[in-house]
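> Submitted below is the structure of interest, expressed as structure tokens.
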Amino acid sequence: MKILRNKDTDFTEIVDWKYEPKFEPINTEYGELNIHYIDEGSENAKTVLLLHGEPTWGYLYRKFVDPLVANGLRVVVPDLPGFGKSDKLSERNGYTYEKYVDWMNTWLNNLDLSHVTLFGQDWGGLIGLRLVVKNQERFSSVVVSNTGLPTGERPLGEAFESWRNYSQTVENFHIGGIVKGGSVSELDQLTIDAYNAPFPDDSFKEAARQFPLLVPDSINNPSYAHNVEAWKELKKWGKPFLCAFSDKDHIFKGVENSFIKHIPGADGMNHVVIKDAGHFLQEDKPQECVEAILSVID
């Protein structure tokens, strides 16, 4: 197993991403893994943690950062290992759901973040909610969007099965094209190129290829028991918990109801359905997402 690192030149053509890169090394069984993140407005007391999913990176939140900082918030945006400017593994079997939780938990505690509001979309929710459960004293509120916390006890749905099959069979796993296809708005070529930038060749795409296989789809999945335990804790979570799902995401349509029904902190919240937005609602409706975050903090 090798650790792959992008060259700085992979990101020289990125537009609208002016933020200073920071790296936090964590020790893993494969060696030292550098997790890239940005940290803006660090002088502010309250923190917003923006977690991306498959197959994006922190660039997905480029239109969130400045407005949130302007509202007096610290904004921290990491790239999950295998994505963005973070280190990547050369072999797919190095990535598991539980390793992601452990890696990001180490990163979170190394940064000693507190008074945190999580915004988690896609895998940013699957991993982020596990971080919330593990570090309840660090988190003040949660916003989830187009995500879930599956245990494997129920089918994942036809739309997800179709996506997973595509991810494993398509020859050219075109990252920018996938983000474009999951957005309602038209992405220009520079934006598509920015999503492709972390993947100069297929050897860098092992995490992106593997992620769809890691979602718990049966009680025999290694993460089944962990997610069942996480749900037990979430069913006692009384701090603000907001759902901000989009109306044109076929994979996660209706999943918000599992949160609203079972989590005490979701009761009485002004949950929002973001109109005319696809799976990557950060691309389609960034302002509405920012407003949802501010509403839960206020």
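The values are calculated or read from the model by the stated rules, or taken from the named source; none is laboratory data. Not measured: the values here are computed from a predicted model. Neighbour counts are summed over all protein chains in view; Cβ atoms, including those assigned to glycine, are modelled from backbone coordinates with ideal geometry.
> Output the residues belonging to the range 210-235 that are part of a helix (DSSP H, G or I) and either closer than 13 Å to LYS134 by Cβ or of a type outside the set (A, V, I, L, M, F, W, C) (or both). Don't jump to the end; show me each part of the working.
Residues of the range 210-235 that are part of a helix (DSSP H, G or I), as a first pass: 210-214, 224-234.
Listed by number, the residues that qualify are GLN210, PRO212, TYR224, HIS226, ASN227, GLU229, ALA230, LYS232, GLU233, LEU234.
> Based on this model, can you work out whether GLY278 counts as surrounded by fewer than 21 Cβ atoms within 10 Å (Cβ to Cβ) and either touching a residue at least 12 places away in the same chain (Cβ under 8 Å) or not in a loop (DSSP other than H, G, I, E, B) (or both)?
no
> Being surrounded by fewer than 21 Cβ atoms within 10 Å (Cβ to Cβ) and at pLDDT 95 or above is true for just one of LYS232, LYS253. Which residue is that? First the steps, then the outcome.
On the way: LYS253 fails: at pLDDT 95 or above.
Of the residues listed, the single one that is surrounded by fewer than 21 Cβ atoms within 10 Å (Cβ to Cβ) and at pLDDT 95 or above is LYS232.
> I've got another one for you. Given the range 1-116, what strands (runs of 3 or more DSSP E) lie entirely inside it while holding 3 or more residues that are among the aliphatic types (A, V, I, L, M), farther than 22 Å from THR191 by Cα and within 16 Å of the chain's Cα centre (by Cα)? Step through it out loud before you land on a result.
Numbers: elements: 22-28, 31-40, 47-51, 74-78.
So the answer is none; nothing clears 3.
Rundown of residues vs (1) farther than 20 Å from PHE211 by Cβ; (2) of a type in the set (A, V, I, L, M, F, W, C), yes/no style:
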site	(1), (2)
VAL116	yes, yes
GLY125	no, no
GLN136	yes, no
ASN146	no, no
THR169	no, no
ASP188	yes, no
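> From GLU158, GLU98, GLU171, grab the single residue that is of a type in the set (D, E, K, R), surrounded by fewer than 17 Cβ atoms within 10 Å (Cβ to Cβ) and modelled with pLDDT of 95 or more. Steps first, please.
Details: GLU158 fails: modelled with pLDDT of 95 or more; GLU171 fails: modelled with pLDDT of 95 or more.
Of the residues listed, the single one that is of a type in the set (D, E, K, R), surrounded by fewer than 17 Cβ atoms within 10 Å (Cβ to Cβ) and modelled with pLDDT of 95 or more is GLU98.
> What tally of residues in the range 198-226 results from selecting those that are surrounded by fewer than 21 Cβ atoms within 10 Å (Cβ to Cβ), in contact (Cβ under 8 Å) with a residue 12 or more places away in the chain, closer than 19 Å to PHE11 by Cβ and more than 17 Å from the chain's Cα centre (by Cα)?
Of the residues in that region, 4 qualify.
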